[in-house]
Protein chains: 2
Amino acid sequence: MQQIMAENLSEKNNPVSCRSAFQTKCGNCRLNSICLPIALQEPDLDSLDRVIHRNKPLRKGEHVFRENDNFTAIYAIRSGFVKAYRLTDDGKEQVTGFYFPGEIIGLDGISQNKHSVSAKALETAAICEIPFEDAEALSSRFPSMQRHLFSLMSQEIIQDQQLITLLSKNTAEERISALILSISDRNAARKLSPTSFRLPMSRTDIGNYLGLTVETVSRVFSRFQKNGTLEVNNKEITILDIDQLRGIVTSEA
Amino acid sequence: MQQIMAENLSEKNNPVSCRSAFQTKCGNCRLNSICLPIALQEPDLDSLDRVIHRNKPLRKGEHVFRENDNFTAIYAIRSGFVKAYRLTDDGKEQVTGFYFPGEIIGLDGISQNKHSVSAKALETAAICEIPFEDAEALSSRFPSMQRHLFSLMSQEIIQDQQLITLLSKNTAEERISALILSISDRNAARKLSPTSFRLPMSRTDIGNYLGLTVETVSRVFSRFQKNGTLEVNNKEITILDIDQLRGIVTSEA
DNA sequence: CGAAGTGTTGACTAAACTCAAGTACTGTGG
DNA sequence: CCACAGTACTTGAGTTTAGTCAACACTTCG
């Protein structure tokens, strides 16, 4: 407690414009148009601000939460990238999703009161924490917040179902095209280049997520490179022919 | 009570014990321990009863709702079986789930205000309809109801993620074993035999759901029949060696 | 620098798919 | 109640895609 007070004091000396990113308020956050704040208007936004903890950034490999942790909060990604995964019965890892700045994670824990997946930072990541009790209280108070939380969960369901379709019906090339286009879209939502970006995850993670081996992922990238669809430079990707990619996912098979 | 007599008249020669299922109240419903009513205690249960529409049963092949229908309500399955599916961009069907009596469908529609899947009766099915407005109102009034709806959605997420893992990591035999065990468990929850039951869906639907071709599904059933794991008689299944099945899904690979 | 991790490429293999043919149900109309 | 049509299911033979195993190259970082 003492410690927290001390931190808060030191925070007061910082000029407003230079405050460390993890101390910014929702009202000023660059991501507020795609994150939780879109559920609330200005005066009510303070209620949200008041309950959010802006913890110190996680380093690569550190966990936001782990499978079976008690479910106490949901989390908004402010910067960095997070992967969610679970361990199968026989101890293998299954990557269930990649999450980008502005996205909310942790909603999986509601039903069982504990998390059903682990969430790990793929690189340094700043995370906002919203205790679920508070989120529930805000939901009861502001219908738009209740609606938004329902909506987030339902979006997660839709996303999972899209992945199911991908895994169940599509070839390796189709799966990888779909992932690249998804990343491209999410970059666009954050006003970043939709055609040139760095993949935050390893080939192994991609393969794991898409139900493919590393070798297959690597081969598909090589093939895309060779036929001029992508420029691949390690994790740096440039989409050269986006229509080609779109054609592949729409499974012209 | 008067009403009941009247209903019985119209039901012709049915004895009292056979009242048409779709007129029962939640308080008397055989499924209330696994369905929405578990969220509420007796006096409050009336509020739920008051908003539920018990429509006339659907016949095989009729839809509860269709993809892109406006989202107006969620639905509880009282009897019969329902499959959920969506059409992929290129017009193929993707089965996303099978639903059993006592289960809730339609929550997928919340975020976009329209349904993301179609839901179709696999055989005659009685469905309870709860307008979502009313469900939301009940949720604001009864925290346990809000919690239960959150919980249902989060369960759906977890289920989808399990399916993702299945599709991404497991062989044909593992997938089919998992489906059979899931059906067995859900039968047990409804106090039906966990080892002997009729599959409500076709081989084609199973294959579609599990990302396999009909032929592969058929071959796996034959193999299980041959090696004494199952007795398969068309859609009638008897589990002869449940530990064998469990062993297969726990992927001793 | 060197070790460990990460990614690429090749040769071979296996699981599931496709195509094809045939059998068994199911439901409808005579 | 049977005959028939149409669908659903099964089985076999051959093919294909992605997986496995193995060797090697490139990063990254202590």
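The values are calculated or read from the model by the stated rules, or taken from the named source; none is laboratory data. As the structure is a prediction and not an experimental result, all values here were calculated from the model. Methodologically, a virtual Cβ is constructed for each residue, glycine included, from the backbone with ideal geometry; neighbour enumeration extends over all protein chains shown. In case anyone asks, the SASA skips ligands and DNA or RNA and just uses the protein heavy atoms, side chains included. Shrake-Rupley method; radii C 1.70, N 1.55, O 1.52, S 1.80 Å.
Evaluate the range A:194-205: report whether one residue or more is acidic (Asp, Glu) and in contact with a strand residue (DSSP E or B) (Cβ under 9 Å, 6 or more places away or on another chain).
yes
For the range A:51-146, give me every one of the strands (runs of 3 or more DSSP E) that falls completely inside it and has 2 or more residues that are open to solvent by 10 Å² or more (accessible area, probe 1.4 Å), farther than 22 Å from A:Leu179 by Cα and more than 14 Å from chain B (Cβ to nearest Cβ).
A:63-65, A:126-131
Scan the range A:183-210 residue by residue and report those that are within 14 Å of chain B (Cβ to nearest Cβ) and either more than 9 Å from DNA strand D (Cβ to nearest atom) or of a type in the set (Asp, Glu) (or both).
Within the range A:183-210, A:Thr204, A:Asp205, A:Ile206, A:Asn208, A:Tyr209 meet the criteria.
Pairs needed: first member in the range A:227-251, more than 14 Å from chain B (Cβ to nearest Cβ) and more than 11 Å from DNA strand C (Cβ to nearest atom); second member anywhere, charged (D, E, K, R) and in a loop (DSSP other than H, G, I, E, B); C-beta distance under 7 Å; at least 6 residues apart or different chains.
Partner pairs satisfying both residue conditions: A:Gly228/A:Asp241; A:Thr229/A:Asp241.
Among the numbered criteria (1) within 12 Å of another protein chain (Cβ to nearest Cβ); (2) away from DNA strand D (no atom under 12 Å from the Cβ), which single criterion is violated by A:Thr213?
Of (1) within 12 Å of another protein chain (Cβ to nearest Cβ); (2) away from DNA strand D (no atom under 12 Å from the Cβ), only one is false for A:Thr213: (2).
Looking at A:Ala73, A:Ala126 in this structure, which one is over 21 Å from A:Leu199 (Cα atoms) and aliphatic (A, V, I, L, M)?
A:Ala73
Kindly check whether there is at least one residue in the range A:193-201 that is in contact with a helix residue (DSSP H, G or I) (Cβ under 6 Å, 6 or more places away or on another chain), more than 26 Å from B:Glu156 (Cβ to Cβ) and within 16 Å of DNA strand C (Cβ to nearest atom).
Yes, there is a match, as at least one residue in the range A:193-201 is in contact with a helix residue (DSSP H, G or I) (Cβ under 6 Å, 6 or more places away or on another chain), more than 26 Å from B:Glu156 (Cβ to Cβ) and within 16 Å of DNA strand C (Cβ to nearest atom).
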